[in-house]
1. Can you tell me which condition residue 56 does not meet? The list is (1) over 19 Å from the mean Cα position of the chain (by Cα); (2) among the polar types (S, T, N, Q); (3) modelled with pLDDT of 95 or more, and all the others hold.
2. Filter the range 202-234 down to residues that are over 14 Å from residue 168 (Cβ atoms) and either in contact (Cβ under 8 Å) with a residue 24 or more places away in the chain or among the small types (Gly, Ala, Ser) (or both), then give me how many there are.
3. I'm trying to understand the selection: among the residues of the range 150-176, which are open to solvent by 10 Å² or more (accessible area, probe 1.4 Å) and either among the polar types (S, T, N, Q) or over 20 Å from residue 198 (Cα atoms) (or both)?
4. For the range 71-103, what are the residues that are of a type in the set (D, E, K, R), open to solvent by 20 Å² or more (accessible area, probe 1.4 Å) and over 18 Å from residue 19 (Cβ atoms)?
Amino acid sequence: MRFVVCPWCCNKTYFSEVNSYVKKVTTVFKLNADDTNANYMRAYMKSNADFLGIKTPLREELSKPFLLKDKLPSLNETIDVVSELWEYPYREIKYFALTILEKKVKELGAHHLVLCENLVQDESWWDTVDFIAARITGRVLYRLDHLQDKYSTAWNNHPDKWMNRMGIIYQLKFKDKTNQHTLFHNCETHADSKEFFIQKAIGWALREYTKTNPTAVQRFVAETRLKPLSKREALRLVK
């Protein structure tokens, strides 16, 4: 699925460079496929996702040459490279695509948040959604704080549960910069959800915030009708 129409569509050199980079990455990954590992990974993830069977240490080693500063796609190329990589069904290639965004996170703007929203809604599972929320969109909104209300509200009200999960957990690493009102509001909105991944997200987000403000979290949990799983996870670190 192509998410974004490239503004440089008339530039053949541009597309040649993008396609070359994607082809080199995917070729290296495919050459290191391991069917036995792939079967184990699919079973562990409990999803229908396809895997090449490349374990994390090897994947990181294979990725290094393509993530060097002079080898990374430019900011202008990033959307198209990530979109091209995302079309491959294998999780390892999707993880690599997300790593590119993480490497560029200090340069990303609002239009990259739109790309992230598309990625979250395409072939979603907790592995990619959590990476995008905490390590990409969260860091962009931490820097571009004036956009936080707009995107947080949209994610919280979205019909897609994975977008809701992103709206709940994107502040995981904010610590004392956490917008407490937004965090509690988003958790409360979905407090009655029967979705396992939403209940876990609520508990996870609140648990992280107990490291900064345990009293506020304890008060919120006491005053809010949370699902048992969310409540248990939220207070796990509170003595």
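The values are calculated or read from the model by the stated rules, or taken from the named source; none is laboratory data. Since the model is a prediction, treat every value here as computed from it, not as a measurement. Quick reminder, even Gly has a Cβ in these numbers, built from the backbone with ideal geometry, and neighbours come from all protein chains shown. These area figures cover heavy atoms from the full protein model, side chains too; ligands, DNA and RNA do not enter into them. Shrake-Rupley method; radii C 1.70, N 1.55, O 1.52, S 1.80 Å.
1. (1)
2. 10
3. Correct list: 150, 153, 157, 164, 171, 175, 176.
4. Those that are of a type in the set (D, E, K, R), open to solvent by 20 Å² or more (accessible area, probe 1.4 Å) and over 18 Å from residue 19 (Cβ atoms): 102, 103.
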